[in-house]
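Some notes on the structure that comes next.
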Amino acid sequence: MCSASSPRIDCCCLLLIQAAASYFFFDDVKYAVMTDSNSPLFYGWKIVFAILAQLTFTSGLSFYNHAIYLTALAANPNFDVQTASFAVSLFFLSGGVTGLWVAKWVQDYDPRICISAGAIISCFALSSLAFVQEIWQLYLAFMFFGVGFSASSLIPATTLVTRWFHRKRAMALSIASTGLSLGGVVLTPLCVLLVKSMGFEFAAPLMGLLYLVGVIPITWIWLRASPESMGLRPDGVEPPTSLETVGTEQGVAGSEVVVAPRDLALDGITFKQARGTRFFWGISIAYIFLMMAQVGGIAHQYGLASELLSEAQTAMAVAILPFSSIVGRLIGGWLIDRMSIRLFAIGIMILQAASLTLLATGVNVLTLCLGLALFGASVGNLLMLQPLLIAEAFGIREYARIFSVANLMSSWGTAAGPAVLGLAFAANANLYSLPYWIAASAGAVGLILFLTGGKLRAL
């Protein structure tokens, strides 16, 4: 499989990719990342798997762990579910605002510095949750946590993937963003057990240290700013020969005019041009409501499951959503290459609204588990679809800036979701049926708004 001269890490990565492809019967995944037996692995795939590992820690210790933090903090006599829910909202809101500066940094400077700074901030913020006693301390800690998460997670990660891949972008993003869900499968149940066995006061600093150790070494060992920084080209394509460096174009008078090759680094349009399109506003506003439904549903899943299950069963139930998110995202990455990405997005949005409706019924354990599984499939794909839709529609010329603005708008929804569902929980006699009906309605509104954006016109 690997030549004797190939580095061992190339062999390991090739085997890992092949194993995943064989398991899910994605034969074209194998052919997309493999060349012949004597060719080295394109470094971009190392970037993808490094980001997968990095996102496993950042999402597992933040995005999916909010349900644990919310429950643990609500048990503190100084706080309640409503107060803790608002703290989670501040996490997402501060992260969205910070994303504007993160986008500028990763566009102009080495993204690894930004990721490392974010990991350090997140480590201290998460550790400090063990010592908060006042509401202002709680809110301040979550705001800094949001800043650190924004700097170390999605914006720099998706920016790197879009730089390294053009033709295989959907597949690369689907694999890399699997880390978002893998964190929930691997780390969330572990954190539940840590909190249960050690208490939140001891578990929080340990989780903060885990965030730091899980992000910074990976960042500096494997991540690189762009393929051009290593003398490579996106997707690992061969540089053009001297005869291919120029092309011909029909002039206005019928004569052939020599034109320079297209600069892949400038592929796309500016933010000013993007914001003038109906599609930009359609997807950006839609994701406010889609993320309100998604993050609100995730943040309160632990409390929802605990209404029907024991504590040990609940710890297992919260792993259903991220596990189904992984499977759903891998299947989604395969399907996107075979159908309209817009139709696929519409189907996923319908799935989210339907699964939240099922969770809102709260009939029995079976509907709970089925609802979490279907909801997880929508979670995995919606998180992947936003950067993919933006990259497909507007290119990578100012991708970081365009995505950061769209991400800021969606952060209004992620910020509102936990708080709105927390208020509904308190107003509904501490029961979760009404909150999940609200989440399902928000998902339906997001679908309608996305449809108003019109068809995707990829560059």
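The values are calculated or read from the model by the stated rules, or taken from the named source; none is laboratory data. Just so it is clear, the model here is predicted, and its values are computed rather than measured. Cβ atoms come from the backbone with ideal geometry, glycine included; neighbour counts cover every protein chain shown.
Numbers below:
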item: Conditions (1) crowded, with 24+ Cβ neighbours inside 10 Å; (2) within 21 Å of the chain's Cα centre (by Cα); (3) closer than 17 Å to Gln386 by Cβ: number failed by Ala274; result: (2)
item: Selected residue (only one of Phe63, Phe57, Phe79 is surrounded by 24 or more Cβ atoms within 10 Å (Cβ to Cβ) and either polar (S, T, N, Q) or over 16 Å from Gln301 (Cα atoms) (or both)); result: Phe57
item: For Thr361: the one exception among (1) surrounded by fewer than 22 Cβ atoms within 10 Å (Cβ to Cβ); (2) modelled with pLDDT of 90 or more; (3) farther than 30 Å from Arg163 by Cβ; result: (2)
item: Lone qualifier among Val195, Val186 - being assigned to a helix (DSSP H, G or I), over 22 Å from Phe131 (Cα atoms), in contact with a helix residue (DSSP H, G or I) (Cβ under 7 Å, 6 or more places away or on another chain) and in contact (Cβ under 8 Å) with a residue 40 or more places away in the chain; result: Val186
item: Any hit, segment 297-309, residues being small (Gly, Ala, Ser), modelled with pLDDT of 90 or more and buried (at least 21 other Cβ atoms within 10 Å of the Cβ); result: yes
item: Residues being surrounded by 23 or more Cβ atoms within 10 Å (Cβ to Cβ) and under 22 Å from the mean Cα position of the chain (by Cα) - total across segment 411-423; result: 8
item: Residue count, segment 424-441 (criterion: surrounded by fewer than 17 Cβ atoms within 10 Å (Cβ to Cβ) and either touching a strand residue (DSSP E or B) at 6+ places or on another chain (Cβ under 7 Å) or among the aliphatic types (A, V, I, L, M) (or both)); result: 5
item: Residue in segment 230-250 that is more than 30 Å from Asp80 (Cβ to Cβ), modelled with pLDDT of 85 or more, more than 23 Å from the chain's Cα centre (by Cα) and among the aliphatic types (A, V, I, L, M) present; result: yes
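Table: residues versus (1) more than 24 Å from the chain's Cα centre (by Cα); (2) in contact (Cβ under 8 Å) with a residue 24 or more places away in the chain; (3) not in a helix (DSSP H, G or I).
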residue	(1), (2), (3)
Leu73	yes, yes, no
Phe79	yes, yes, yes
Thr83	yes, yes, no
Leu90	no, yes, no
Leu100	no, yes, no
Val106	no, yes, no
Ala117	no, yes, no
Cys123	no, yes, no
Phe144	no, yes, no
